[in-house]
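These notes concern the structure reproduced below.
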2 protein chains.
Amino acid sequence: MQKQEHLTKNQQIVLDFIEKSSEPLKAYSILFSVKKQGIKAPLQVYRALDRLVEIGKIHKIESRNAFVACKNSNCQVSKATAFSICESCEDVTEVSNLKLSKYLSNFADKSGMKYNKYNLEFFGLCKKCKK
Amino acid sequence: MQKQEHLTKNQQIVLDFIEKSSEPLKAYSILFSVKKQGIKAPLQVYRALDRLVEIGKIHKIESRNAFVACKNSNCQVSKATAFSICESCEDVTEVSNLKLSKYLSNFADKSGMKYNKYNLEFFGLCKKCKK
DNA sequence: AATTATTTGTTATATTATAACATTATGTAA
DNA sequence: TTACATAATGTTATAATATAACAAATAATT
Ligand SMILES: [Zn+2]
Ligand SMILES: [Zn+2]
Ligand SMILES: [Zn+2]
Ligand SMILES: [Zn+2]
């Protein structure tokens, strides 16, 4: 039996909710919001989140313990992610920059370790908050 | 009254313990280990950790919720950090690469947002685990 | 239909982190 | 040096994030 390719009901519910949001969502706030759709327990949300991250439909913003939908169709399925985060309004945007992703994907330091994945988070003030 | 510059007792205890460790440490494992030195509560550890991160003596590995001592004397005080993480043995090393840090510190994408801080985590298999 | 792997539901619990408030220590300045 | 302000600490309780364990249901494979 192979892993399903389509999304299961719970995964779809969680994904729909995250995609509608303009900001990163926390697991328990998702849980609260999808209770009316039959999802009752944290694990149901976390399992859906895990899978959605795995297949690259969403990403986890590690410094915020929050999740955003992938806006980048070219995204290398959750293997190479970069975000810009405003430290004032907490606005998060996925950085989509070919040069950057090439640079990082090919990065190799003296350790000789070859990386197959990275996550980068930039912090600063967004245009609105800089004023 | 200005913030102290030297480390307080708790901060020193926590820093000493982290510096002695060869691997990233979690807050509660630090707490357990420094109890004999009079630190009794999570908050005492978290407050020390916060300050130590702020002044760049340690860094937080966001994807692991763990803390490592800064091994990089050139480190721009916790504003520009990069790590390589082995997904098998969980070994973590601070990446110290001038080209990389220059590239990222100067990075600007189309959003026009100017970043003053970043954190990058590379994942892969270390030499030992690749075998 | 029997087999197997996968997904789901459910309860309980582990882990990580902060709120709130009282107390003590330390620097500043009249 | 005494008042004042700010900073650091201690302590208890609680919030927020995440997983363990196991039984039940579902779906692909033989
Ligand atoms: Zn993406
Ligand atoms: Zn902003
Ligand atoms: Zn460092
Ligand atoms: Zn390894």
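The values are calculated or read from the model by the stated rules, or taken from the named source; none is laboratory data. Keep in mind that what you see is a predicted model, and the values were worked out from it rather than measured. Neighbour counts are summed over all protein chains in view; Cβ atoms, including those assigned to glycine, are modelled from backbone coordinates with ideal geometry. Protein only, heavy atoms only, side chains kept; ligands, DNA and RNA dropped before computing areas. Shrake-Rupley method; radii C 1.70, N 1.55, O 1.52, S 1.80 Å.
Output the helices (runs of 4 or more DSSP H) that fall wholly within segment A:29-131 and possess 1 or more residues being closer than 20 Å to B:Glu94 by Cα and among the polar types (S, T, N, Q), or say none. Talk me through it step by step, then tell me what you get.
Working: elements: A:42-54, A:98-105, A:127-130.
Qualifying helices (runs of 4 or more DSSP H): A:98-105.
For segment B:4-28, the set of residues classified as touching a strand residue (DSSP E or B) at 6+ places or on another chain (Cβ under 6 Å), crowded, with 17+ Cβ neighbours inside 10 Å and outside any helix (DSSP H, G or I) consists of B:Pro24, B:Leu25, listed by residue number.
Does B:Asp109 count as more than 8 Å from chain A (Cβ to nearest Cβ) and buried (at least 16 other Cβ atoms within 10 Å of the Cβ)? No: the conditions fail for B:Asp109. B:Lys35 meets all of the listed conditions (1) open to solvent by 30 Å² or more (accessible area, probe 1.4 Å); (2) closer than 24 Å to B:Tyr115 by Cβ; (3) out of contact with any strand residue (DSSP E or B) (no Cβ under 7 Å at 6 or more places or on another chain) but one, namely (2).
Of the residues A:Cys70, A:Cys129, only one is in contact with a Gly (Cβ under 7 Å, 6 or more places away or on another chain), at pLDDT below 95 and more than 21 Å from B:Thr81 (Cα to Cα); which?
On the way: A:Cys129 fails: in contact with a Gly (Cβ under 7 Å, 6 or more places away or on another chain).
None of the others qualify; the one that does is A:Cys70.
Within this structure, B:Ser101 fails the test of being hydroxyl-bearing (Ser, Thr, Tyr), away from ligand 2 (no atom under 16 Å from the Cβ) and surrounded by fewer than 17 Cβ atoms within 10 Å (Cβ to Cβ).
Scan segment A:95-107 and give yes if some residue there is within 16 Å of DNA strand D (Cβ to nearest atom) and either on the phi < 0 side of the Ramachandran plot or at pLDDT below 95 (or both), otherwise no.
Within segment A:95-107, the subset within 16 Å of DNA strand D (Cβ to nearest atom) is none.
Within segment A:95-107, not a single residue is within 16 Å of DNA strand D (Cβ to nearest atom) and either on the phi < 0 side of the Ramachandran plot or at pLDDT below 95 (or both).
Can you tell me which residue within segment A:112-131, out of those that are open to solvent by 30 Å² or more (accessible area, probe 1.4 Å) and within 7 Å of chain B (Cβ to nearest Cβ), is farthest from the chain's Cα centre (by Cα)? Reasoning before the result, please.
If we filter segment A:112-131 for residues that are open to solvent by 30 Å² or more (accessible area, probe 1.4 Å), which is where we start, we get A:112, A:114, A:116-117, A:125, A:127-131.
Checking the rest, the ones that are also within 7 Å of chain B (Cβ to nearest Cβ) come to A:112, A:114, A:116-117, A:127.
Working: A:Gly112: 28, A:Lys114: 23, A:Asn116: 17, A:Lys117: 14, A:Lys127: 22 Å.
Across segment A:112-131, the extreme among qualifying residues is A:Gly112.
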